[in-house]
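Participant: First the structure, then my questions, so here it is.
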Amino acid sequence: MLCLMHRALVLLVPAYLLLLLSRMATYYPFVDEAWYVLPGWNLAVNGSFGTPVLDPSGPPAIEHSLSLKGLREHTYWLMPVFPLAEAAWIFMVGFSILKVRLLAMLAGLVLLAAWYAIVHRLSGGNRRLACLAVALIAVDESFIQGATLARPDMLAAAFGYSGIAAYVLLRARSLRLAVFLSNAFVAVAGLTHPNAAMVCLPVLIAAVLVLDRKAISAPLLAFAALPYLVAGAAFGCYVA
């Protein structure tokens, strides 16, 4: 049965990647992609981290009163990890609508791998259940859209759930290391898109309470808090 399952995965994974590539190549450009990607493009091409596609002379919408002065020089309106990742990606592979969308597809594969690891470990090594969970996630319309658009959603989710996977995989070897790395991933997820931290941090806390409640101590809480202190300091330096 396992051999048959592995053969099916060998056939299905390339077919799934072709499906995503086909959608990426044919889906119309979305306005959010320009807003999110072009600060990274600007950094990779011109060395400036400003947002070149929004007008700094007025508010982003008629119902808003905030000022966008300095927007062409500095980008503060979104969290920094995604445009920095896109800048590195564009520097390596070049710029086109398909190329910048590839980063979301790769992040989607990381997300699926993380969920396979989570379900496999929590189910006591049940590979069929882990494969079923990954298959259900992979065919979800929201996942497919997130994995084919150049937005930060998929990268943020990949970081967040990789943190939960790190916790369940490493807790038996070293609980402190598991807590530190898992929270580090969630902290980076929050610096990619704040919604990822708001979703993944409660899931991580619930996992710790269920699996290791008796082991919670002041030193363990310090290991959990350290990544957020570092992330907060780094974000403060970025804003300053």
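Participant: Only one of Ala206, Ala234, Ala187, Ala150 is open to solvent by less than 60 Å² (accessible area, probe 1.4 Å), small (Gly, Ala, Ser) and not in a helix (DSSP H, G or I). Can you tell me which?
Facilitator: Ala150
Participant: Evaluate the range 9-22: report whether one residue or more is at pLDDT 85 or above and more than 21 Å from Leu106 (Cβ to Cβ).
Facilitator: no
Participant: Let me ask something additional. Considering the range 67-114 alone, what residues qualify as being touching a Gly at 6+ places or on another chain (Cβ under 8 Å) and among the polar types (S, T, N, Q)?
Facilitator: Result: Thr75, single match.
Participant: Using the structure shown, decide if Leu169 is at pLDDT 95 or above, open to solvent by 70 Å² or more (accessible area, probe 1.4 Å) and of a type in the set (A, V, I, L, M). Walk me through it before giving the result.
Facilitator: Working: at pLDDT 95 or above: yes; open to solvent by 70 Å² or more (accessible area, probe 1.4 Å): yes; of a type in the set (A, V, I, L, M): yes.
For Leu169, the condition - at pLDDT 95 or above, open to solvent by 70 Å² or more (accessible area, probe 1.4 Å) and of a type in the set (A, V, I, L, M) - is met.
Participant: Sort out which residues of the range 45-99 are of a type in the set (Asp, Glu) and under 19 Å from Thr192 (Cα atoms), and write them in order of number.
Facilitator: Glu86
Participant: Output yes when any residue across the range 200-207 is closer than 20 Å to Gly125 by Cβ, touching a residue at least 24 places away in the same chain (Cβ under 8 Å) and touching a helix residue (DSSP H, G or I) at 6+ places or on another chain (Cβ under 9 Å), and no when none is.
Facilitator: The initial filter retains those residues of the range 200-207 that are closer than 20 Å to Gly125 by Cβ, namely 207.
Then keep just the ones that are touching a residue at least 24 places away in the same chain (Cβ under 8 Å); that gives 207.
Filter once more, so that each one left must be touching a helix residue (DSSP H, G or I) at 6+ places or on another chain (Cβ under 9 Å): 207.
Yes: one or more hits.
Participant: Going by the conditions given, is Gly70 open to solvent by less than 40 Å² (accessible area, probe 1.4 Å) and not in a helix (DSSP H, G or I)?
Facilitator: Yes; evaluated as a whole, the condition is true for this residue.
The values are calculated or read from the model by the stated rules, or taken from the named source; none is laboratory data. Owing to the predicted nature of the structure, the values given are computational and were not obtained by experimental measurement. Quick reminder, even Gly has a Cβ in these numbers, built from the backbone with ideal geometry, and neighbours come from all protein chains shown. What goes into the accessible areas is simple: the full protein's heavy atoms, side chains included, and nothing from ligands, DNA or RNA. Shrake-Rupley method; radii C 1.70, N 1.55, O 1.52, S 1.80 Å.
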